[in-house]
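The values are calculated or read from the model by the stated rules, or taken from the named source; none is laboratory data. Just so we're clear, the structure is a prediction, and the values are computed from it rather than from any experiment. Quick reminder, even Gly has a Cβ in these numbers, built from the backbone with ideal geometry, and neighbours come from all protein chains shown. These area figures cover heavy atoms from the full protein model, side chains too; ligands, DNA and RNA do not enter into them. Shrake-Rupley method; radii C 1.70, N 1.55, O 1.52, S 1.80 Å.
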Amino acid sequence: MIESWAVGICLVAVASAMLQFLLPSGSTAKLVRLVMGALVLCVLIAPLKEVVPQVSEKLDHATSQKTPDSTLSKAVDDQYVEAAKSSIVGLVKSELKKKSLSCTDVSVLMDNSEDGSIHITKVIVTLPISESASKEDIQDFLTKSLGLETEVKTDGS
């Protein structure tokens, strides 16, 4: 491989020197120098086309051997779920506060798909018995403001 590469460089150099010697000076000589320079660069870079696929194959092989740590992956997924839940809980509490209401508990039912996305299936809000507003009105309000299916219960139910 190295021998054929060296022979190619030598042949291009000799051909380039002969053309420069034979051509008169002027715009044609400049064009020939440009073409010969490009040819020399191609000959110099030619061995890389054989090396690059080998490097690419080695990189593919190295990356395919690595499998993600399932414990770390599960921990990250759990953190995403907890962050989403706490965000929804905070949103529910702030929406209830707008109506001067409070809640004793907020449960968020979620579903994780294989592609890693989180789907919130239902939000269950538990109100204290002392809240006088109707559960249906609060449920409608939360469903509209959150854009999620919402169920409202009281502590006794």
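Can you run down the residue pairs with Cβ atoms below 7 Å, 6 or more apart or on separate chains, where the first is in the range 75-88 and within 14 Å of residue 146 (Cα to Cα) and the partner is open to solvent by 70 Å² or more (accessible area, probe 1.4 Å) and of a type in the set (Ser, Thr, Tyr)?
That search, which allows pairs on different chains as well, returns nothing.
May I ask you to verify whether residue 124 is surrounded by 12 or more Cβ atoms within 10 Å (Cβ to Cβ) and at pLDDT below 85?
no
What are the residues in the range 16-44 that are part of a loop (DSSP other than H, G, I, E, B) and surrounded by 10 or more Cβ atoms within 10 Å (Cβ to Cβ), if any?
The one that is part of a loop (DSSP other than H, G, I, E, B) and surrounded by 10 or more Cβ atoms within 10 Å (Cβ to Cβ): 23.
Give the residues of the range 118-133 that are assigned to a loop (DSSP other than H, G, I, E, B) and of a type in the set (A, V, I, L, M), sorted by residue number.
If the condition is that a residue be assigned to a loop (DSSP other than H, G, I, E, B) and of a type in the set (A, V, I, L, M), then 129, 133 are the ones that fit.
Residue check: is residue 104 open to solvent by 50 Å² or more (accessible area, probe 1.4 Å), among the polar types (S, T, N, Q) and at pLDDT 75 or above?
Criteria met by residue 104.
So how many residues does the range 134-157 have that are acidic (Asp, Glu) and either assigned to a helix (DSSP H, G or I) or open to solvent by less than 50 Å² (accessible area, probe 1.4 Å) (or both)?
3
Please state which one of 115, 111 is open to solvent by 70 Å² or more (accessible area, probe 1.4 Å), within 25 Å of residue 75 (Cα to Cα) and part of a loop (DSSP other than H, G, I, E, B).
115
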